[in-house]
Amino acid sequence: MQNAIAFCDNDVVVVAWSYGHKVEGCMGFAVYRIDPGGVETALPSMAVFPGFAPKRGQTTASFPVQKFYWKDPYARLVADTGGNRRFRYKVVPLAGEPGKLTPMTVAFLVSNEIEIGPTVAPKWRAFFNRGLISTQRVSAALDGKPAKGALLAAIAPKDGKLRASLAGDMIAALLDFVHRAKDGGALYAAFYELGDDELIAALEGVGKRLHLVLSNPDAGDEQSASAISDGNAASRARLAKTAGQLIDRMLPANQIGHNKFVVHVDAHGKPAAVLFGSTNWTSTGLCAQTNNTIVCDDAQIARRYHEYWKQLAKDTIAAAGDPKALQGAALRTWDATSKTFTVGTGVKATSWFSPNMPKLRASLAKEKRPPDMEEVAQLIAGAQHAVLFLAFYPGSPSLADWAAAAQKANKDLFVRGCVTHPSAAESFYYDLHGAGSAPKPGGGRQDPRVIQAQALGDNVPAGWQKEILSAGFAVTHDKIIVVDPFSPRCAVVTGSHNLGHKASFNNDENLIIVRGQRGLAEAYATHVLDIYDHFSWRWMIQSQGQAHAETMLSTVPDEWQSRYFDAKGNIKVAQLRFWLSALPAP
């Protein structure tokens with residue numbers, strides 16, 4: 001089978017291809033982006049052949065891709081500049097000597113057309129930021145001296161170039177939703193962290209039409225406005241002067257008001273749309289960690305979130321200023337029941353809220369699995385083809401344990417995940433391999449299928465610069481699970497929930513499970529594997545040394561192709577097999 005197939009989210013394009021076997025004499029592939037006018041642009045490359053030095057502006061036409069899938073992280077920028085958002089990709093096999101490569105007589109491949117942007121289906125838009133700071137581009141922008149202070153200073157100003165680059169479409173997505181209130185109606189929001197000046201100013205502009213439940217992150221999180229004990233003290237003071245309703249939801253230690261959602265209620269008082277996801281409204285949430293946001297223009301789901309907002313407000317008022325009285329029995333009982341809505345042909349969306357257990361977490365040994373996590377665990381257990389995920393710090397038990405169980409039950413299941421906290425990656429390893437438990441977080445082993453995010457730190461390949469990993473606690477801040485994205489039974493799990501038991505017991509959270517929306521599933525799969533791929537190479541170098549860096553291209557065609565195909569043409573790389581599984585059977 002000869003074919004090429006492309007996928008995208010709003011930020012990046014992935015293209016995969018196959019000739020059904022090794023291509024004899026092929027030194028690699030030139031990959032071209034084709035715009036609607038037929039203009040072909042060779043994609044950039046970084047690796048070079050031995051004896052050559054990397055140069056700015058080099059492309060795959062001279063230093064080819066020695067893989068069978070590749071990413072185009074520049075398509076969004078091209079689309080934003082030129083206005084064209086539709087692209088195809090041309091894959092050309094090259095042969096010859098390094099420095100003198102020419103197209104082979106073997107036919108080139110052309111992919112399907114993609115449209116890069118957030119709209120994945122009617123009523124659904126998905127936004128992903130470019131919050132990867134462990135990059136050579138960021139290191140160069142910080143003059144080769146990547147440090148947290150310098151980065152935070154660069155991403156805070158409204159007109160900062162690095163801020164715009166790392167946030168991608170996210171700032172515009174949040175501001176556009178806030179601006180809906182200018183045409184009438186009101187906004188009902190619940191936030192954990194609110195510290196970005198541009199976003200606070202936009203909320204101030206809503207005036208009395210803003211109804212806000214604002215929680216209290218620890219200022220030590222370093223992801224909100226500066227304060228001593230309340231990370232939202234500065235934004236709280238500003239919005240107290242302008243908002244129509246500001247409800248201070250000040251939870252005690254070991255409980256967090258973790259929501260990040262906004263409901264737009266129209267001029268007739270009817271909930272019309274809702275924005276939710278993992279993105280905290282801070283400069284670090286926008287720019288310095290990976291995040292996702294969904295804008296859902298479905299009145300049913302908007303009503304559901306609006307009702308939850310009212311339950312939070314009611315619970316806060318009933319507590320009468322006593323932090324320990326928050327998350328009372330009435331709220332926990334209401335949260336314990338999910339609702340499922342039909343949103344388009346064959347598409348179901350199930351909404352959950354937390355805390356949904358009768359009491360705070362106590363004895364881990366005797367605890368019952370929360371109802372929302374039971375549904376998530378069963379979803380993962382039922383996966384037939386793939387389980388992909390990103391998480392921050394889910395605790396235990398969590399999605400990492402359930403993914404390990406699914407992998408153990410089905411060795412052919414394609415499982416990939418990336419997390420910030422090592423405990424989740426280590427749980428996957430020890431659960432999968434039956435090797436007990438990690439000695440302590442960060443001291444155990446990890447399986448290359450589920451890894452902890454890493455940057456180029458102690459081990460830096462020749463020609464590369466040291467990188468910064470984080471500007472706070474989170475690196476991967478998404479809370480995402482994607483199951484069987486190319487199947488009619490595909491599913492996406494997302495929201496604010498950290499995807500472990502603790503959040504369902506102790507936190508204010510929201511979570512949605514969308515089944516049957518393949519456009520949404522493909523966009524989320526593209527994002528998860530974009531982030532996983534970025535960190536997997538760095539994880540390999542940091543954990544196993546520079547021998548695994550592979551920064552040079554091979555001069556032996558069979559050598560590099562043998563990593564992908566055996567002598568009979570069978571695919572050896574699971575991720576290539578995964579991407580190509582989206583193609584119809586020949």
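The values are calculated or read from the model by the stated rules, or taken from the named source; none is laboratory data. Because the structure is a prediction, the values reported are computed rather than measured. Neighbour counts are summed over all protein chains in view; Cβ atoms, including those assigned to glycine, are modelled from backbone coordinates with ideal geometry.
Points to keep in mind about this one:
- Residue list for region 435-453, restricted to those being closer than 28 Å to Leu576 by Cα and either not β-branched (Val, Ile, Thr) or not assigned by TED's automatic domain parsing to the domain that holds His527 (or both): Arg445, Gln446, Asp447, Pro448, Arg449, Gln452, Ala453
- Helices (runs of 4 or more DSSP H) wholly inside region 123-180 that include at least 1 residues being closer than 29 Å to Ala302 by Cβ: 161-167, 170-178
- Residues of region 274-324 that are assigned to a helix (DSSP H, G or I), among the hydrophobic types (A, V, I, L, M, F, W, C) and either touching a residue at least 12 places away in the same chain (Cβ under 8 Å) or not assigned by TED's automatic domain parsing to the domain that holds Asp248 (or both): Leu286, Cys287, Ala299, Ile301, Ala302, Trp309, Leu312, Ala313, Ile317, Ala318.
- Matching option when the condition is outside the structural domain of Lys368 (by TED's automatic domain parsing), in contact (Cβ under 8 Å) with a residue 40 or more places away in the chain and either buried (at least 16 other Cβ atoms within 10 Å of the Cβ) or out of contact with any strand residue (DSSP E or B) (no Cβ under 8 Å at 6 or more places or on another chain) (or both), among Ile571, Ile513: Ile571
- Single residue of Arg125, Arg88 found to be in contact (Cβ under 8 Å) with a residue 60 or more places away in the chain, touching a Pro at 6+ places or on another chain (Cβ under 8 Å) and charged (D, E, K, R): Arg125
- For first residues located in region 399-420 and among the basic types (Lys, Arg), partners that are assigned to a strand (DSSP E or B) and lie 6+ apart or on another chain with Cβ distances below 7 Å form the pairs Arg416/Leu388.
- Only one of Ala325, Ala349, Ala302 that is modelled with pLDDT of 95 or more and surrounded by fewer than 22 Cβ atoms within 10 Å (Cβ to Cβ): Ala325
- Considered as a group, the residues in region 469-483 that are in contact with a helix residue (DSSP H, G or I) (Cβ under 6 Å, 6 or more places away or on another chain) and assigned to a loop (DSSP other than H, G, I, E, B) include one that is nearest to Thr135 (Cα to Cα), and that residue is Ala471.
- Note on region 341-455: enclosed strands (runs of 3 or more DSSP E) holding 1 or more residues that are of a type in the set (D, E, K, R) and in contact with a strand residue (DSSP E or B) (Cβ under 7 Å, 6 or more places away or on another chain) are 348-354, 414-419.
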